[in-house]
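The values are calculated or read from the model by the stated rules, or taken from the named source; none is laboratory data. Keep in mind that this is a model prediction, so the values were computed, not measured. As a convention, Cβ positions derive from the backbone with ideal geometry for all residues, glycine included, and neighbour counts pool all protein chains shown.
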Amino acid sequence: MGRRRGQKAHNRARIGHWKRRTGRLSRWAVLVAALVAAIAGLRQSEVFYPVDVPFERDLYRHWTDDDGDCRNTRQEVLISESLDPPKLSPDGCRVVSGRWYDPFTGATFTNPSALDVDHRVPLSEAHRSGAHRWNAARRAAYANDLSHPDSLIAVDRSANRSKGDGDPLSWMPPDYGYWCPYAARWRATKQRWELQEDLLEGWWIDGVLAVCRGLGRPLGP
């Protein structure tokens, strides 16, 4: 009987020690997680990457109708990316239906209101990557770039909003199968527009692309 009481007391002591230890560890984990989150947030802020002009979306005029056909940039992207001939409004200015494949999620949509037209490299990311030095005309050209199919892409609205202004280190598409093309096209877009990659962003993209090549994964569509 005495041995049982002694064993129970020993077990309680061990449990108490474990709780105190794991409690300390969990507090450290919370602190580390908070520190990592803070660094991640600051990494893409003006604290580390000072800009000449603070970012405002109004600096990047969009969506514009540069060819004067009454269809702004968003409508042009929806028309060009629809897998079926899109249906237009009676005046021909707005897309009302079509069929779009979203590579971010792997889902297909028929309602354009469920889609955002995403800037492959978000405006604020472009701004802190060098676009803050651009003039108004170049900013508008970037924000409405129809010269290359990778600059703007119609994607699921909720996925695009979860991306926010994050770079590939901060956000990658929910569909893992698109990670390789996403990283490659992000880098190619920055190179076309002579935008900079920060050190950690560049390391992450290098790593993703190295794994893709090692696995023989395509970097294209």
Taking region 132-173 and keeping residues in contact (Cβ under 8 Å) with a residue 60 or more places away in the chain, closer than 18 Å to ARG185 by Cβ and in a helix (DSSP H, G or I) leaves TYR142, ALA143
Pairs returned, first residue in region 202-219 that is assigned to a helix (DSSP H, G or I), second residue that is basic (Lys, Arg) and at pLDDT 95 or above, beta-carbon separation under 9 angstrom, 6 or more apart or interchain, are GLY202/ARG187; ILE205/ARG187; LEU209/ARG187
Considering every residue within region 106-118, establish whether at least one is under 17 Å from the mean Cα position of the chain (by Cα), over 30 Å from CYS93 (Cβ atoms) and modelled with pLDDT of 95 or more.
-> yes
Over 28 Å from PHE109 (Cβ atoms), in a loop (DSSP other than H, G, I, E, B), among the acidic types (Asp, Glu) and more than 15 Å from the chain's Cα centre (by Cα) - does that describe any residue in region 179-197?
-> yes
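For (1) of a type in the set (Gly, Ala, Ser); (2) at pLDDT 95 or above; (3) crowded, with 20+ Cβ neighbours inside 10 Å, each residue gets a yes or a no:
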position	(1), (2), (3)
LEU152	no, yes, yes
ARG157	no, yes, no
ASP167	no, no, yes
TYR176	no, no, no
Working carefully through the options SER89, SER124, find the one that is in the same structural domain as PHE55 (by TED's automatic domain parsing), within 24 Å of the chain's Cα centre (by Cα) and polar (S, T, N, Q).
-> SER124
Just a yes or no: is a residue in region 103-123 among the basic types (Lys, Arg) and either within 30 Å of PRO54 (Cα to Cα) or part of a loop (DSSP other than H, G, I, E, B) (or both)?
-> yes
Considering every residue within region 129-136, establish whether at least one is over 19 Å from TYR60 (Cα atoms), crowded, with 20+ Cβ neighbours inside 10 Å, among the aliphatic types (A, V, I, L, M) and assigned by TED's automatic domain parsing to the domain that holds ARG74.
-> no
Top-ranked residue in region 61-102 [being in a strand (DSSP E or B) and hydroxyl-bearing (Ser, Thr, Tyr); ranked as farthest from SER158 (Cα to Cα)] = SER97
Long-range neighbours under 8 Å by Cβ, at least six apart or interchain, first residue on the phi > 0 side of the Ramachandran plot within region 54-72, second assigned to a loop (DSSP other than H, G, I, E, B) and loosely packed, with under 12 Cβ neighbours inside 10 Å = CYS70/ASP91; CYS70/GLY92
Can you tell me which residue within region 174-198, out of those that are among the basic types (Lys, Arg) and in contact (Cβ under 8 Å) with a residue 40 or more places away in the chain, is nearest to SER162 (Cα to Cα)?
-> ARG185
